[in-house]
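Each remark here refers to the structure printed beneath this line.
The values are calculated or read from the model by the stated rules, or taken from the named source; none is laboratory data. As the structure is a prediction and not an experimental result, all values here were calculated from the model. Methodologically, a virtual Cβ is constructed for each residue, glycine included, from the backbone with ideal geometry; neighbour enumeration extends over all protein chains shown.
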Amino acid sequence: MNRPIRTLLTLTLLSVGLLRAEAAAPDSTATYRPDVHATIRAKYEYQPQIGKGRFEIRNARVSIEGRMLPVIGYKAEVDLSDEGAIKMLDAYVRLQPKERLKFTVGQMRVPFTIDAHRSPHRQYFANRSFIAKQVGNVRDVGAAVSYLFGEESPLTLEAGIFNGSGLTGQKHFWTSDYNYSFKAQANFAGRFTACVSFQRADAGDTKASLFDIGGYYESRRWHIEGEYLRKSYRHAEFPAVNALDAFVAYRLPLKKRVSGLSFLGRYDFMSDHSSGIRDQNGLLSADEERRHRLTGGVTLSLGTPRLQADIRINYEQYFYRPDAHPVISERNKVVVEFVCHF
């Protein structure tokens, strides 16, 4: 039995023991009414290089979450239009015998990276960074445990073990070679957050090891963030991928109909990336070409934190090698996006 499995089994037994102790004294003040949330993102994109545009429903997510018992929670989330496709996203049961300890079993986002963990309504830009979209965006079926240490400078440690089957290949999938990930996130003085994470995961027809480090500063008006990810393929079958995301957002609080106006700037980069699918010669090749991108934007916030309504206006400028052949969706464009969340 390998080390990740032994660790998770030990934590599972600990959670069950705490669960039995906690169940003996139920919290009479707890409420079990589920919370229902929805997010709609509708946008228009225009590419000046080809003189064409399109309307798109990027997301139409609905989620339900709550607690069955003081120590047992759940969440189910489905996207009715993830770029036109219906996808089940989160579907898990969570044991929380103590406020600081969580044990989750089911389908979830793998604990890894900063930007990839943001829900669509919490994104700062209309389109995700390369880290969040192409390199570090992973959901899978498995089990994860997290524990929160400290008060003034809280530290959250997370670990998870997963099938590697993805979201749709569970029924006939059996393995002895699981994927796993670890993540540590610390907060200092209530404004600085640092995060480091590691993941060993399937990458098509091979395995990959991913390392991510980043952090951000956040105040009432400012959010400054930087993140770096490196993805290495097993036996160096393809050159390691480097990805970088750095951005600044300044929010100007307003009154009356517009609650806030944010000004944003981002630089992100990704070297040649392979999905890990071998060609007819058994080799890996680049599915997405090396590129840099600059994004500038303005966001008008019309709602409240609970009833969110934003208008995002972005311009993206891409930089490729002279001989590159970028896909049509990864070119210079203007994006106007409307976001509603409750």
Tally of residues being modelled with pLDDT of 90 or more, of a type in the set (Ser, Thr, Tyr) and out of contact with any Phe, Trp or Tyr (no Cβ under 6 Å at 6 or more places or on another chain) across the stretch 255-294: 3
May I ask you to say which residue of 145, 141 is at negative phi, touching a helix residue (DSSP H, G or I) at 6+ places or on another chain (Cβ under 9 Å) and modelled with pLDDT of 90 or more? 145
Filter the stretch 176-194 down to the residues that are crowded, with 17+ Cβ neighbours inside 10 Å and of a type in the set (S, T, N, Q) and list them by number. 179, 181, 185, 187, 193
Considering only the stretch 135-153, state which residues are under 20 Å from residue 187 (Cβ atoms) and part of a loop (DSSP other than H, G, I, E, B). 150, 151, 152, 153
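Within the stretch 48-60, is even one residue at pLDDT 75 or above and in contact with a Leu (Cβ under 7 Å, 6 or more places away or on another chain)? First the steps, then the outcome.
Start the filter on the stretch 48-60 by keeping residues that are at pLDDT 75 or above, which leaves 48-60.
Still in the list and also in contact with a Leu (Cβ under 7 Å, 6 or more places away or on another chain): 60.
Scanning the stretch 48-60 turns up at least one residue that is at pLDDT 75 or above and in contact with a Leu (Cβ under 7 Å, 6 or more places away or on another chain).
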As an exercise: evaluate residue 195 against (1) more than 21 Å from the chain's Cα centre (by Cα); (2) of a type outside the set (Gly, Ala, Ser); (3) on the phi < 0 side of the Ramachandran plot and give the number of the one condition it does not meet. (1)
Which numbered condition residue 126 fails, given (1) closer than 30 Å to residue 302 by Cα; (2) surrounded by fewer than 19 Cβ atoms within 10 Å (Cβ to Cβ): (2)
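So how many residues does the stretch 195-254 have that are aliphatic (A, V, I, L, M) and either touching a residue at least 60 places away in the same chain (Cβ under 8 Å) or surrounded by 16 or more Cβ atoms within 10 Å (Cβ to Cβ) (or both)? Talk me through it step by step, then tell me what you get.
Our first condition is that a residue be aliphatic (A, V, I, L, M); within the stretch 195-254, this holds for 196, 201, 203, 208, 210, 213, 224, 229, 236, 240-241, 243-244, 246, 248-249, 252, 254.
If we keep only those that are either touching a residue at least 60 places away in the same chain (Cβ under 8 Å) or surrounded by 16 or more Cβ atoms within 10 Å (Cβ to Cβ) (or both) too, we end up with 201, 203, 208, 210, 213, 229, 241, 243-244, 246, 248-249.
Number of matching residues: 12.
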Would you pick out the residues in the stretch 294-342 that are among the aromatic types (Phe, Trp, Tyr) and surrounded by 14 or more Cβ atoms within 10 Å (Cβ to Cβ)? 315, 318, 320, 338, 342
Going through the stretch 314-335 one residue at a time, which ones are more than 22 Å from the chain's Cα centre (by Cα) and over 30 Å from residue 237 (Cβ atoms)? 315, 317, 332, 333, 334
Could you look through the stretch 111-123, keep only residues that are in a loop (DSSP other than H, G, I, E, B) and in contact with a His (Cβ under 9 Å, 6 or more places away or on another chain), and pick out the one that is surrounded by the most Cβ atoms within 10 Å (Cβ to Cβ)? 111
